[in-house]
1. Got a number for the accessible area of Arg136? Probe 1.4 Å, square angstrom, nearest 10.
2. If the chain were replaced by its equivalent ellipsoid, with semi-axes equal to the square roots of 5 times the Cα gyration tensor eigenvalues, what would those be, largest first, whole Å?
3. Quick one: with all protein chains in place, what share of the accessible area of the range 216-319 is carbon or sulfur, to the nearest percent (1.4 Å probe)?
4. Taking a 1.4 Å probe, which of Leu100, Leu316 shows the most accessible area, and what order do the others take after it?
5. All other residues with a Cβ under 12 Å from the Cβ of Arg134 taken together, and with Lys, Arg as +1 and Asp, Glu as -1, what is their net charge?
6. For the cross-link pairs Lys35/Lys305; Lys280/Lys318; Lys8/Lys280; Lys52/Lys231; Lys8/Lys52; Lys157/Lys202, which exceed 24 Å when the distance is taken from alpha carbon to alpha carbon?
7. Using a 1.4 angstrom probe with every protein chain in place, what is the largest-first accessible-area order of Thr153, Thr158?
8. What accessible area per residue, rounded to a whole number of Å², is obtained for the chain using a probe radius of 1.4 Å?
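The values are calculated or read from the model by the stated rules, or taken from the named source; none is laboratory data. A quick note: this is a predicted structure, and the numbers were derived from the prediction, not measured. For neighbour counting, all protein chains shown are included, and Cβ atoms are generated from backbone atoms with ideal geometry for every residue, glycine included. Just the protein is used for accessible areas: all its heavy atoms, side chains included, with ligands, DNA and RNA removed. Shrake-Rupley method; radii C 1.70, N 1.55, O 1.52, S 1.80 Å.
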Amino acid sequence: MVKRTLNKRLILLYHHVVHTLVDPWEMAVTPENFKDHLEVLANEYEVLPLSKLSHHEPNSSGTSVFLTFDDAYLDNYSEVFPALREAHLPGSFFVATQILNENPNFWWELLEELFLGYAAVPELLELKWPDGTRYRKRTGKLEMSTQPWSAWTDFPKTPRQEIYLELSSRIKEFPPDAQKGLSGQLLSWAGRDPSPGTLAAKMAPSQLTEVHRSGLVEIGSHSVHHPALAKLPPTIQIQEISESKRQLETLLQSPVIAFAYPHGHFDNITRSLVSKAGYKIACTTEEGSFDAGHDPMTLPRVWVKNWTKDRFVLELEKWVNSN
Ligand SMILES: [Zn+2]
């Protein structure tokens, strides 16, 4: 098949490759659709490892697509890695290194599990915020829905969806310690142990090493605790940015040059701290394609949804042909 003649660079952003009905931010692509995406890419685009981004001169076709996967979910090992191998396509996994040492549950996954899944939880939720004020709300009865609910496009229809949105937007603003404290309160309120549900399960250090050694997957840093960095004082930002690099380089015995801003959140200070820490590439969640002159520390990415093959083709064309 003829490779398309285009001059854009496009970084695609995936999270989960899995079947699920609980997916408020549309982070999941089914394994079937994902394989179709890879087939389109293998046939029609030049897919390169992210490390080739800075010194890559576009070939005659001028087309470069880069695949990135954030948060190191276990399905990245069980579904993505074999599919990339089969298609002979490279990708990058961005890891928040908290998962190497601590409870691998992130606070938003706990919220999904408690308020959007089928968890039995007490009728009244009471939380104490770090400033001492309280949050109280009735959880309502559990409603089994067969329709996925999208926080992007759908208004909340149940008290649990309202709680999920209210807590998400507030908890995101806090530093990692406070987020940890709030997760602890939620766990003890719900009478749950801290082991993550299936959807939130993460890759083990040995699996990260294995995919890295394959030569097909590059590992990048996604901070330690996945905070909204620009909300934090620079000293804590530096810790998140540098410590995650050090931990991954120790694990992999190899330099880590790429960073992905957690929640896509950054400002000029964050950008310069990431650059000073020694990273050469940093990915945002700002949507778009870009050309060779773009700042390598603020690269846009296109968030891939659970698109069918035809829709995926159209979405790629839209971004690659945009100005
Ligand atoms: Zn992330």
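1. Approximately 150 Å² of Arg136 is accessible to the 1.4 Å probe.
2. Values: eigenvalues 222, 108, 65 Å².
Ellipsoid semi-axes (Å, largest first): 33, 23, 18.
3. Numbers: 2330 of 4360 Å².
Ligands and nucleic acids excluded, carbon and sulfur reach 54 percent.
4. Working: Leu100 35, Leu316 5 Å².
These residues rank, largest area first, as Leu100, Leu316.
5. Working: positive: Lys128, Arg136, Lys137; negative: Glu126, Asp131.
Once positives and negatives cancel, what remains is +1.
6. Working: Lys35/Lys305 13 Å; Lys280/Lys318 28 Å; Lys8/Lys280 20 Å; Lys52/Lys231 31 Å; Lys8/Lys52 15 Å; Lys157/Lys202 30 Å.
Pairs exceeding 24 Å: Lys280/Lys318; Lys52/Lys231; Lys157/Lys202.
7. Working: Thr153 105, Thr158 20 Å².
Result of the area sort, largest leading: Thr153, Thr158.
8. On the way: 14600 Å² over 323 residues.
Here the per-residue accessible area is 45 Å².
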